[in-house]
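Some notes on the structure that comes next.
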Amino acid sequence: MGSVMKDLGEDLRSTLLDKLETSLLCGTIRRRQFLQWSLALGLGMPAASALADTLDAARANQDARAKALSGEFDIIVCGAGTSGCTLAGRLAEAGLKVALIEAGDWDTAPSILDPGQWFMNLGTERDWGDVAVPTASVNGRAIASHMGRAVGGGSSINATIWVRPPRADLDGWAETAGDKAWGYDAALKLFTGRIENWQGPASPYRGKGGKVWSQVAADPPPIAPAMLAAARNLGLPVSDDLNGAREEGPGGFALMNQIIKDGRRMNMAQAYLYPVIDRPNLTVLTRTRVTRLVVENGRVVGIKALRDGAEITLRAAREVVLSLGAIRTPQILMLSGIGDRAHLAQHGIASVLHAPEVGRNFHDHILHGGCIWESPEPVKMKNSAANASGFWKSDPAFDRPDMNIVQIELPYASDAIGKEYGPPASAWALCAGLVDPKSRGEVRLASADPTAKPVVTASFLSDPRDVKSQMAAIDLCRQIGNDPAMKPYAKREAVPGKALDPDAKAQFVRNGATTFFHQVGTARMGKDDGAVVGADLKVKGLAGLRIVDGSIMPRIVTCATMATCVLIGERGADLVLAGK
């Protein structure tokens, strides 16, 4: 059997080993079986035994922690998403007694481990299943707002793209917060000094030896470099790295950076949580849903949560941190009496702190689905099915890019566009991304029941400037896709297939609107009195409570949000450890 197994391809062997690790962690196979199969897959006995020891210790430690719950921790982190894993890992590494609470399960599903299957997580138990209510600005369409419900959060269920924010974004935050520590220069030191483990050439912009594996898209399909050639033909800047110098310029195009190592997703649980998972000072409670905060005399002292059908109470000696994302962080705040008192009164919730901005300022990146070209032959998807991208300004006077053009190796179309155009199965797309949206929505309670989904009124494209930006991005997609460099990969332009007049193009924009699932802003940071948190991420008006996740963004960064949420987690950890 061993010789047969060793003859398998490297990708298949890696996948099978992933499944073995999952089975041992979950207790569905025994150590002896793990060792036998690992040896058959070509892993040497010392390596297999060491890996089994690590997995056994991790499972045993967390099983023991869960069965003998301590009533009090130093820090309780609610939510094991991108920011939550970053924060909890750093705090546990520093020796604090940490409880990390996650409503979903461990990040062991094949669709999490395999980057090419990421879209199979959407709409499953690994996704909260939120949907933005229909609004006229998107022609009455309800739009899915997927959020991770598993250890690793969005870094587990979304695509694997690692993009860092430009200077204008972070310097704008520093001004809004009144603290230079949130600015670009400080962030660059964190990225290069301890976050990144960049696999490309040395650069003053990139870090090596950090926790987060990042590499240029490996073995991309031919249409990816062809897209870059088309961009170059149009006079657009093309570089070897989508991060780095682009962050201080007008934008540019390149192959994407990805958190993929040897064909496997390296999410933020792998980067930050698993290196400390066997420590006695870290307790990770999965399948445990936070329902509200415990507030005593103006201080948050703990949480209530549902676990195994019963309510539990955990207390924090120092702080409680919400890292539940831009939909559930405001929900838990409001369920705990922290929000607009008139809205809380509608649901019979007594006001603890009148904070009218809680739940407001909701926004997300728009991903248009899509401009589509029929391919002469099927396109083989690689990595997470998106390998080339670019950022550019629809108006050169802007201080940052507002457009993100993304090549997707399948005919990505919204429900309305798919119905209207019926794109061919053998096709690829260039999708117009809106990364500096001006439209703002809100998150509100549906009821006082903590298990009820909140109401997300996103109001996507309600600001005319967003429609104008998307129209320009559609034009740029069509220019790139119809450039001679793309001709070997395009039989014809299938969607929209022709130039559209302004009214038709605006309708095409509204009908094609979906999102990148980068929800932010509902507990915004700022130095003004109305902001929910200050630069220290503490909720204004209460002691013992911080927010460390994408909901603190006063204005969304103009790129995918995963790297920025790691930055927020790192900054949060520094603030907690400094006692600030």
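The values are calculated or read from the model by the stated rules, or taken from the named source; none is laboratory data. Keep in mind that what you see is a predicted model, and the values were worked out from it rather than measured. Counting neighbours? That spans all protein chains shown, and the Cβs are built from the backbone with ideal geometry, glycine included. Side chains included, ligands, DNA and RNA excluded: accessible areas come from the protein's heavy atoms. Shrake-Rupley method; radii C 1.70, N 1.55, O 1.52, S 1.80 Å.
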When the residues of the range 528-566 are filtered to those that are among the charged types (D, E, K, R) and free of Cβ contacts under 8 Å to residues at least 24 places away in the same chain, which remaining residue is surrounded by the fewest Cβ atoms within 10 Å (Cβ to Cβ)?
-> Asp529
Residue check, Val212 more than 26 Å from Tyr489 (Cβ to Cβ), assigned by TED's automatic domain parsing to the domain that holds Leu410 and surrounded by fewer than 18 Cβ atoms within 10 Å (Cβ to Cβ) | no
Criterion: of a type in the set (Lys, Arg), out of contact with any Ser or Thr (no Cβ under 9 Å at 6 or more places or on another chain), at pLDDT 95 or above and under 30 Å from Pro554 (Cβ atoms) - qualifying residue of Lys419, Lys453 = Lys453
Test: residue in the range 326-342 that is in the same structural domain as Leu545 (by TED's automatic domain parsing), without any contact (Cβ under 8 Å) to a residue 24 or more places away in the chain, in contact with a helix residue (DSSP H, G or I) (Cβ under 9 Å, 6 or more places away or on another chain) and not in a strand (DSSP E or B) | yes
If you take just the helices (runs of 4 or more DSSP H) that sit entirely in the range 166-239, which of them hold at least 1 residues that are polar (S, T, N, Q) and on the phi < 0 side of the Ramachandran plot?
-> 167-177, 223-233
Considering only the range 395-431, how many residues are within 12 Å of Ala494 (Cα to Cα), open to solvent by 10 Å² or more (accessible area, probe 1.4 Å) and in contact with a helix residue (DSSP H, G or I) (Cβ under 9 Å, 6 or more places away or on another chain)?
-> 4
Going through the range 365-421 one residue at a time, which ones are of a type in the set (D, E, K, R) and in a helix (DSSP H, G or I)?
-> Asp415, Lys419, Glu420
Does Gly569 satisfy the criteria of being part of a loop (DSSP other than H, G, I, E, B) and either open to solvent by less than 10 Å² (accessible area, probe 1.4 Å) or at positive phi (or both)?
-> no
For Thr564, are the conditions met, namely being under 23 Å from Trp128 (Cα atoms), hydroxyl-bearing (Ser, Thr, Tyr), in contact with a helix residue (DSSP H, G or I) (Cβ under 8 Å, 6 or more places away or on another chain) and in a loop (DSSP other than H, G, I, E, B)?
-> no
State yes or no: is Ala99 surrounded by fewer than 20 Cβ atoms within 10 Å (Cβ to Cβ), more than 25 Å from Arg444 (Cβ to Cβ), touching a residue at least 24 places away in the same chain (Cβ under 8 Å) and more than 21 Å from the chain's Cα centre (by Cα)?
-> no
Residue check for Arg315: closer than 16 Å to Ala80 by Cα, in a strand (DSSP E or B) and of a type in the set (D, E, K, R) | no
Which condition number in (1) in a helix (DSSP H, G or I); (2) open to solvent by 50 Å² or more (accessible area, probe 1.4 Å); (3) not assigned by TED's automatic domain parsing to the domain that holds Ala531 is the one that Pro275 fails?
-> (3)
Pick out the one residue from Asn361, Asn267 that is at pLDDT 95 or above, under 20 Å from the mean Cα position of the chain (by Cα), of a type outside the set (Gly, Ala, Ser) and open to solvent by less than 10 Å² (accessible area, probe 1.4 Å).
-> Asn267
